[in-house]
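Read the structure below first, then the notes.
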Amino acid sequence: MKLNLATKLLNEHLVSGNLEENSEISIKVDQTLSQDATGTLSYLQFEATGVDRVKTDLSVSYIDHNMLQADFRNADDHSYLQDVAAKYGIYFSRPGNGICHQVHLERFAVPGTSLLGTDSHTPTSGGIGALAIGSGGLDVAIAMAGGPYFFRMPRIVGVELIGALNFGVTAKDVILEMLRRLTVRGGVGKIFEYYGSGVKTLTVPERSTISNMGAELGATTTIFPSDKVTEIYLRKQGRGDKYTRLAADKNAHYDEYLTIDLSALEPLISCPDSPDLVVPVSEVAGTKVDQVAIGSCTNSSYSDLMEVANVLKGRVVHPNVAMSLSPGSKQVMQMISANGALADIVAAGVRVLESACGPCAGIGQVPGHGAVSVRSFNRNFPGRSGGLHNSVYLTSPIVCAVTALKGEIVDPREFLGGGNRYVATPEKYITDDLAIIPPADDPSSVVIRRGPNIKPIPKKGSIENDLSGDVLIKLKDNISTDHILPAGTVTLALRSNIPAISEYVFSYIDPEFLSRAKKAGKGFIIAGHNYGQGSSREHAALCPSYLGIQVVLAKSFARIHKDNLINYGVMPITFTDEFNYDELGMGNKLNINNIAQSLKTDKTEINVINTTNGQKIKCDLDVTRRQREILLVGGLLNHVGV
């Protein structure tokens, strides 16, 4: 059989299992990355393993989320992360050096290597031909300690790109088209591999935009070939020696096939409140806008911001629009400063923020009450912006720029009157790595600073044989980790303090949940399809576990969140008949008998008894033998003896 690229790379890194659909496999991890919102917990877990040095070829700790230092907590976390990096052999990217995915693509990602990150957008590096996967922080901690990464073998979807993008259409429109076709759960259990004549028309940053938002499809990862375009990009970054040509075999087999004609695409936009509510920009043209924000790990590259500067030059942002822009890295900031583009952006009336995630994670630039915000970001779940009472649209940087100028959503082709597609590709990138600190030569000399907000990781004991409790909350489809545990300035400062951050579980959806959970002491969550989509934040599993949640009973789960639930000893059980979901209500008392025995015997059919009405609900426990062992002992930390 002719092999696709994803299968080739999985084979090269395979540690255990067979590459058979849905079977559990494990792979060797070459590189890891973390960011500060998830990293502190991950490094606490790594320390608990007792390993004295990371076992990966490369691990990098980035500071890009918790940048607002309104009190001591974020600053303390950053000190802890810097010291841990120095002591354990990890490179440390200082605050202001940029967003982890943008910087990793520029300075560290290598074609053909495996990368595991504590952030769901880690597949960004798939744009350079890396096998890049997002996961929970505990899985990354185990990988840094030398363990493999376990996951279900995905289906490989071949996406053939033909043609070339026209003026006003960008790589963002390619991934928005994918979301329009497949929805936010269309990629669960899948890897998307792009190939075809259209691929060579896309630069590495454009490919990475597409790879980045594959996370919004729920995909395990996204990958592009490593070709002449990749080689040129690496050479311009001063890393030409890292280039390896990688491609699928001619006429390679894929489990599924899609085709996108790039020349047939038009500017697209995702409407509130989900990334897959995609329509042509022309359908919502004329919508008045209060705010425009450009940046995030999706669209903050040099070429993205040069396109924006090209549009803004000599023009001024509409008086009713507040516009901000976040360069993705220090490299990008230096380059647009050196060539005058930054001056054009500032002259247009744009507020330039530091090189960080910022508004994408609800940190600053929260829209006003009832405001419309148009952003080049990747997520627009309710509350993701840092507030609930607003409407957030997602689109390309060029649509953002022309919208800011006109004060309403507008098609760039209409506003600018046509022309040639503009993609800035410099002769050479500025490669100043002074803000990346290598690990200490003498680890024994490093004393790790631990602020008072950094608390031990809560653990639970072995699973009880019989589980019982009330339904503490009932949820709809596509509940994201932002719904479960919001981002934003308040909660992000508490990421290293589980008792404190647990006070915010489901605070956006149901402010009474916390008091019910505390009063009950234990219980069940009922949910619809794709429960736990979005961010990789393991806090969205650990905090409910800390509050006594024993079981999440859902129609289906997002990949990373399901793994996180298992890692923290929470049973992820699925309905076999969706009708049963409708039968359950808040406050119903549920019971599962002999669950420990079911785990030990590989039993998949689980009977949940609704003792309120006597109904027996047939459910499915779709977990591997290894995951059963983890659940039996109360979580992955117990399983590995930490």
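Any read-out appearing in this document is the output of simple, stated calculations on the displayed coordinates, not a laboratory observation. Because the structure is a prediction, the values reported are computed rather than measured. Here Cβ is always computed from backbone atoms with ideal geometry, including for glycine, and neighbour counts include all displayed protein chains.
Odds and ends about this structure:
- Translational diffusion coefficient (Stokes-Einstein; Kirkwood radius from C-alpha pairs) of the stretch 87-170 at 37 °C, 0.692 mPa s, in µm²/s: 218 µm²/s
- Amide H to amide H distances under 5 Å link I606 with C619, D620, L621, where only residues 5 or more positions off or on other chains count and H is placed in the peptide plane.
- For the chain, calculated [θ]222 nm from helices alone, where every DSSP H run of n ≥ 4 adds -39500 (n - 2.57): -8000 deg cm²/dmol
- Viscosity 0.692 mPa s, 37 °C: Kirkwood-radius Stokes-Einstein D of the stretch 116-161 over Cα pairs, µm²/s: 278 µm²/s
- Whole-Å semi-axes of the ellipsoid equivalent to the stretch 166-324 (Cα gyration tensor, √5λ, descending): 29, 22, 13
- Each Cα pair under 8 Å and six or more residues apart adds its sequence gap; the mean of these over the residue count of the stretch 90-214 is a relative contact order of 28 percent.
- Cα pair count fraction exceeding 18 Å, expressed as % - the stretch 467-635: 56 percent
- Radius, Kirkwood style, for the stretch 195-255 when every pair of distinct Cα atoms is counted (Å): 12.8 Å
- Global size of the stretch 26-139 as Cα Rg and Dmax, reported in angstrom: 13.3, 42
- Hz values of 3J(HN,Hα) by residue in the stretch 3-13 - Karplus curve (6.51, -1.76, 1.60), Gly and Pro given as x: 8, 7, 5, 4, 5, 4, 6, 5, 4, 5, 9
- Computed 3J(HN,Hα) for the stretch 600-613, one whole-Hz value per residue from the Karplus formula 6.51 cos²θ - 1.76 cosθ + 1.60 where θ = phi - 60°, is 6, 9, 6, 5, 9, 7, 10, 9, 9, 9, 8, 6, 5, 10, glycine and proline marked x.
- Hull-based mean projected area of the stretch 301-392, where the convex hull spans the alpha carbons, in square nanometres: 5.6 nm²
- Amide H contacts of G364: T489, each under 5 Å away and 5 or more positions distant or on a separate chain (H built 1.01 Å from N in the peptide plane; Pro and chain starts excluded).
- Applied to the stretch 59-69, the Karplus parametrisation 6.51 cos²θ - 1.76 cosθ + 1.60 on θ = phi - 60° returns per-residue 3J(HN,Hα) values of 10, 10, 10, 9, 10, 8, 9, 7, 7, 6, 9 Hz, with x for Gly and Pro.
- Highest mean packing first, where packing is the average number of other Cβ atoms within 10 Å per residue, the peptides 146-154, 322-330 line up as 322-330, 146-154.
- Amide H contacts under 5 Å for F92, placed H, 5+ residues apart: S61, I437
- Mean separation of Cα contacts under 8 Å (6+ apart) over length of the chain, as relative contact order %: 14 percent
- Within the shell defined by Cβ-Cβ distances under 13 Å, the residues around M144 carry a net charge of -1, with Lys and Arg each +1 and Asp and Glu each -1.
- Rh (Kirkwood; distinct C-alpha pairs) - the chain, Å: 24.7 Å
- Neighbourhood charge, 14 Å Cβ-Cβ cut-off, centred on G521 and excluding it, Lys, Arg +1 and Asp, Glu -1: +4
- The residues packed around L165, meaning those with a beta-carbon under 9 Å from its beta-carbon, carry a net charge of -1 if Lys and Arg are +1 and Asp and Glu are -1.
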